[in-house]
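Trainee: A single structure is presented below for examination.
The values are calculated or read from the model by the stated rules, or taken from the named source; none is laboratory data. Bear in mind that the values here come from a model prediction, so they are computed numbers and not experimental data. When we count neighbours, we look across all protein chains shown, and the Cβ atoms used for this are built from the backbone with ideal geometry, even at glycine.
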Amino acid sequence: MSGNQKIRNFAKSIPGGSSFDLVARKLTYHMFYKNHLRNNLISEEKLLVLGTVARSGTHYAMLLLTNYINSLAGSDNPIGPAEMNDILPNNWHLNYMSYHKLPLGPLVQSNPKRPSELVRYLQLDEITRSHSLFQSTYWRKSQILHLYRNPLDYAVSLFNYKHKKRSDLPDRCRDPHQVLELKFDNYCDMYNSYRDAAKTGKYRILRISYENLIQNPTFYLSSIVTWLGNEPNQELVRRAVESSSINRVQRAEKMGGAVNPDAKDLKGSFISSGQIGQWKNYFTLEDFNRWNLRFRERGIELDSFILE
Amino acid sequence: MSVVRRIISWGLLKLIPSDALSRILFDLKLLLSGLKKSELLILATITKTGTHYLRFLIAYYIEMLSLKRMGSNYYIESDDFIVDNYFPNSWHTSYTFIRPRKKSTHLLKLIGLKDFPRSHMKLRKYAWSNVKVLHTYRDLHDQAMVSWHTKYACDAVLKEEISGPEDLYKQNKKDNLGQLESFKNLETNNINHLRISFGQIFNDPANSLALILQWLGEEPDMELCSLAADLAQKTPSILVGGGEKWHRDNRDHIDYKMLNSFIENNRATGAIGVGGVLASQLADKAESKC
């Protein structure tokens with residue numbers, strides 16, 4: 001356990017210590033984060049964060065957006081994973097605010113790379129991403145696009161992507177059931193933090209399910225562009241969707257373009273089939289009902305998701 | 001009582017900036033009504049850009065969702081007046097003490113809300129802080145043409161006030177552009193606002209409804225989104241961007257033959273692009289002036 005974690009745990013254990021985390025966040029927001037963004041020429045309002053549940057279309061959304069702005073810039077060439085990562089090179093929790101390193105820091109793992117000028121086609125200064133819980137202190141003024149996925153397919157996808165391929169993982173799971181067990185609390189906390197933030201009306205947040213995004217990418221890319229205060233060019237939206245297809249990405253991967261260069265130990269493709277309803281290959285109706293009860297205890301209705 | 005309220009409001013507006021005054025009145029109204037800001041969804045639209053289309057979609061959705069959850073038959077009939085009964089309030093009157101606030105349908109709780117008032121105005125940065133605001137818009141030339149045909153040309157009284165679509169466009173341009181631009185601005189903090197174009201609603205009503213529900217923090221039931229979209233097709237006036245109560249009702253001074261002719265001629269396209277001629281005329285005039 002890190003020193004920072006020990007301090008946070010100690011603070012939680014003493015009377016009144018639960019506010020310690022909030023104080024640390026407020027202080028770092030005012031004393032570090034705002035200036036850090038300003039020094040990197042980023043206005044908080046013009047920062048778009050893809051705050052997503054893992055395996056829920058983060059990179060697909062990035063690819064759609066980069067292909068769209070690339071077309072707006074007049075290019076006819078489709079963007080692949082490598083170019084996408086050049087245009088959007090930063091992780092919010094690594095390059096802008098390592099909130100999990102509070103209170104002692106370091107508050108960023110490394111300084112952000114300069115975002116591509118292309119993002120200005122969407123009236124933005126930066127598009128970055130994070131698989132963190134909703135950050136009410138740091139994201140109060142920013143644009144937050146949240147992608148999530150039905151938790152059963154999330155478990156299957158995470159199993160296929162990570163646990164099946166990496167035998168060296170210390171917490172390696174042998175099937176999606178174990179993955180869901182391992183990630184249950186994290187998934188619930190993530191999902192609820194964004195859902196609750198959306199319900200308040202205090203934050204600029206747009207939630208889109210992975211299932212809806214992949215079933216209707218043209219509609220949803222257009223909606224994201226509109227939400228950001230722009231008028232979408234429908235022809236370019238269609239072209240961006242075409243350029244971001246799974247087949248094209250897999251071809252680009254084979255030619256050496258990594259979708260997620262941070263996933264260093266990944267073997268094979270970053271993407272699987274992306275299909276909805278893969279959970280049915282692993283979970284029985286009985287399993288479904290059991291998980292449904294557990295999720296319900298956390299305020300989440302499993303059958304409200306798009307399951308097939 | 002209504003006259004007294006109007007006089008008081010008029011007097012106060014002379015003393016306090018409109019946004020600040022409406023914030024005070026809004027907060028007071030919420031307090032007296034026992035409502036939280038998070039329980040409201042304000043539908044702030046440019047007129048004739050899908051206000052009523054969205055109201056119908058949401059009304060049908062919550063009605064069917066309620067029945068589905070109860071295990072009842074949720075295949076309902078269309079109802080041209082469902083929105084008037086379900087969502088009776090306008091924000092600019094019911095939340096500023098100009099008119100009494102009426103009770104909206106309790107079914108709104110199914111999507112985490114208690115009221116769904118509407119208004120045609122710019123984004124109110126101060127008054128609407130911490131509120132969810134849904135904004136619809138469309139090409140302003142199309143808007144002027146639809147407005148002319150569905151509000152003025154068919155109304156014996158109003159027709160005398162405006163000479164035609166061009167006049168209407170010019171008269172409303174500043175206000176409509178102000179509304180349009182205010183919702184494009186990303187620098188508005190503390191308000192979660194969603195822009196949605198009439199074209200999106202018209203071309204894909206089911207997904208537009210699903211988008212709104214996700215944005216509100218709900219999981220959309222896609223079957224019900226599709227059914228709501230189907231039911232909405234049964235009210236033709238909303239399909240071109242209209243749908244005011246008197247479009248669905250009967251009023252003495254309205255030429256319904258003329259109104260319905262415009263609606264029928266344009267329901268297949270949503271009247272999208274109908275303002276092209278007007279835009280060309282205005283461009284030609286601007287060029288000849290140069």
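Trainee: Cβ-Cβ below 6 Å, separation at least six or inter-chain, first residue in the stretch A:195-208 and more than 7 Å from chain B (Cβ to nearest Cβ), second at pLDDT 95 or above: which pairs?
Mentor: A:A197/A:F134; A:A197/A:Y203; A:A197/A:I205
Trainee: On to the next question. When you look at A:S244, is it farther than 28 Å from A:R298 by Cβ, more than 14 Å from chain B (Cβ to nearest Cβ) and within 19 Å of the chain's Cα centre (by Cα), yes or no?
Mentor: Here the answer is yes, as A:S244 does meet what is asked.
Trainee: Right, next: Condition check: part of a strand (DSSP E or B) and of a type in the set (A, V, I, L, M, F, W, C). Does A:L50 satisfy that?
Mentor: Yes; evaluated as a whole, the condition is true for this residue.
Trainee: Follow-up question, since we're still on this one. Is it true that some residue in the stretch A:157-164 is within 8 Å of chain B (Cβ to nearest Cβ), under 30 Å from A:D287 (Cβ atoms) and more than 15 Å from the chain's Cα centre (by Cα)?
Mentor: For the stretch A:157-164, residues within 8 Å of chain B (Cβ to nearest Cβ), under 30 Å from A:D287 (Cβ atoms) and more than 15 Å from the chain's Cα centre (by Cα): absent.
Each row is one residue, and each column tells you yes or no for (1) more than 8 Å from chain A (Cβ to nearest Cβ); (2) buried (at least 23 other Cβ atoms within 10 Å of the Cβ); (3) modelled with pLDDT under 95; (4) within 17 Å of the chain's Cα centre (by Cα).
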| site | (1), (2), (3), (4) |
| --- | --- |
| B:S163 | yes, no, yes, no |
| B:K170 | yes, no, no, no |
| B:K173 | yes, no, no, no |
| B:L177 | yes, no, no, yes |
| B:F202 | yes, no, no, yes |
| B:M222 | no, no, no, no |
| B:A228 | yes, yes, no, no |
| B:A232 | yes, yes, no, yes |
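Trainee: Take residues that are touching a Ser or Thr at 6+ places or on another chain (Cβ under 8 Å) and tell me which of the helices (runs of 4 or more DSSP H) falling wholly in the stretch B:1-110 contain 3 or more.
Mentor: Output list reads B:18-33, B:51-70.
Trainee: Would you point out the residue of the stretch B:179-200, among those that are at the interface with another protein chain (Cβ under 7 Å from one of its Cβ atoms) and out of contact with any Ser or Thr (no Cβ under 9 Å at 6 or more places or on another chain), that is surrounded by the most Cβ atoms within 10 Å (Cβ to Cβ)?
Mentor: Selected residue: B:K184.
Trainee: Against the condition modelled with pLDDT under 95, part of a helix (DSSP H, G or I) and more than 8 Å from chain A (Cβ to nearest Cβ), how does B:K159 come out, does it pass?
Mentor: In short, yes.
Trainee: Inside the stretch A:98-140, can you point out the residues that are part of a loop (DSSP other than H, G, I, E, B), under 23 Å from A:C188 (Cα atoms), more than 14 Å from every other protein chain (Cβ to nearest Cβ) and within 18 Å of the chain's Cα centre (by Cα)?
Mentor: A:S98, A:H131, A:S132, A:L133, A:Q135
Trainee: Criterion first (within 30 Å of A:L213 (Cα to Cα), crowded, with 22+ Cβ neighbours inside 10 Å, at pLDDT 95 or above and away from chain A (no Cβ under 14 Å)) does B:L239 satisfy it?
Mentor: Spelling it out, B:L239 is indeed within 30 Å of A:L213 (Cα to Cα), crowded, with 22+ Cβ neighbours inside 10 Å, at pLDDT 95 or above and away from chain A (no Cβ under 14 Å).
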